[in-house]
Structure formats: C-alpha cells, structure tokens
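Enquirer: Input: one structure, supplied below.
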Amino acid sequence: MAELVEVESGSRDNRPRFSEAMALCRLHGATLVIAKLDRLSRDAAFLLNLQKAGVRFVAADMPEANELVVGIMAVVAQAERKMISARTKAALAAAKARGVRLGKPANLSNREVGQVHSRARQTQRAEERALDLAPVIARVRAEGAVSLRQIAAALNGRGIPAARGGAWSATQVRRVRSRSCNGELAGGHVI
C-alpha cells in the first residue's frame, strides 16, 4: 500500500498527509496504522469523525486501542451531551409550563425536507469520493492510461472498489470525472 509520514501537530485541523492516508484507506478498504495514539486523540470531535468516516485503525504504541477504545473515549463526550440534553429538556418543559408554544409542526411532518437532505448527503458523499479518487486517477493517467476503460482497468488493478463495491466501468469513471472540478484535477491534469 503506502507509508506516509505526518509531521503536523495532532491538534491542527489541516493535516494533508493524514488526509491522503485516510483517502487511501477509504479507497482500498484498508486499516490505518498510526505510530502513536496521542497523534489522533487530542480532539474528541476528531476521534468521532474518524470512526464516522469508516476507516479502521490501529496504534502501534497501543494495539488494543482500536475502534472500541475510541468508542469508549467518545462515550465520555456522549455523557456530556446527555447532561446538556437533560438540562435543555428541563428548560423547555419549564417554558411549556409557562405557556410558551414550542416547535413548528409543519417542519416535523414535511417528508420532502427529509428527501432533500438525503439527496444532498448522497451528493456530498459522491463528491468526497471523487476528490479522494482524483489524485489516483491523475497518477493512472500519468502512467499512460488515456481512455475511460483504461482508467477503469487501472483502478480495478489497484484493488480500489467502485462506489458500491464492484468493479469499475468506463461509465463510472466518467461520472467521477464529471464530479471532480468539471474534469480538471489539481496540477493541470484533465481526465
């Protein structure tokens, strides 16, 4: 696969090498191996997002610190959220007891709003995947693949599954291409 060295602080949000490692793990369905757990665990929200991203990981300095340990760390944050929720519910109940009308029923029963949000999330996932694939496709093109079928074959050869887990086709490559900056990638490469 690949070995990437991260020199940025674990407290920083902008970590390009880590982002590259995450993209490779998502594309290959691989496990991320990190040298030290504290490189990831300095921000609770970051740990939750790592788990949410669906990337499995193992820390070399603490191999037992897998998804379960991260889950335990996240439980502490969840307990705090529960306390906040309880306080909020108590305050809303007190407001309701004073006669304040809460909520907007029209927002709660509108199915179309949920469908719009669902479509937006699907589009966001597809765009994120296209961004993850963009540098891989650029390398494939630099290696000589010119047609959509050749790019699909190269992606299949690298073991990168298509969005739904199957093999790549020219049509799928074209769809990814249309999502990645109208076919233009960073560095001036066009797919």
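Enquirer: Kindly provide the Kirkwood hydrodynamic radius of the range 119-183 in Å, to one decimal, from all pairs of distinct alpha carbon atoms.
Expert: Taking the inverse mean of 1/r over all distinct Cα pairs, the range 119-183 comes out at 11.8 Å.
Enquirer: Output the relative contact order of the range 119-183, whole-number percent, from Cα pairs under 8 angstrom with separation of 6+ residues.
Expert: Relative contact order for the range 119-183 comes out at 36 percent.
Enquirer: Okay, moving on. Efficiency by 1/(1 + (r/R0)^6): what FRET value for residue 30 and residue 119, r their Cβ-Cβ distance, R0 = 30 Å, to the nearest 0.05?
Expert: Computed FRET efficiency for residue 30 and residue 119: 0.50.
Enquirer: Can you compute the label reach from residue 126? Point 7 Å from Cα along the Cβ direction, backbone N cut-off under 14 Å, restricted to the range 161-175.
Expert: 163-164, 171-175
Bear in mind these aren't lab numbers, they're just calculated from the coordinates by the rules spelled out. From a predicted model like this one, the values you see are computed outputs, not experimental measurements. With ideal geometry, Cβ positions are generated from the backbone for all residues, glycine too; neighbour counts draw on all protein chains shown.
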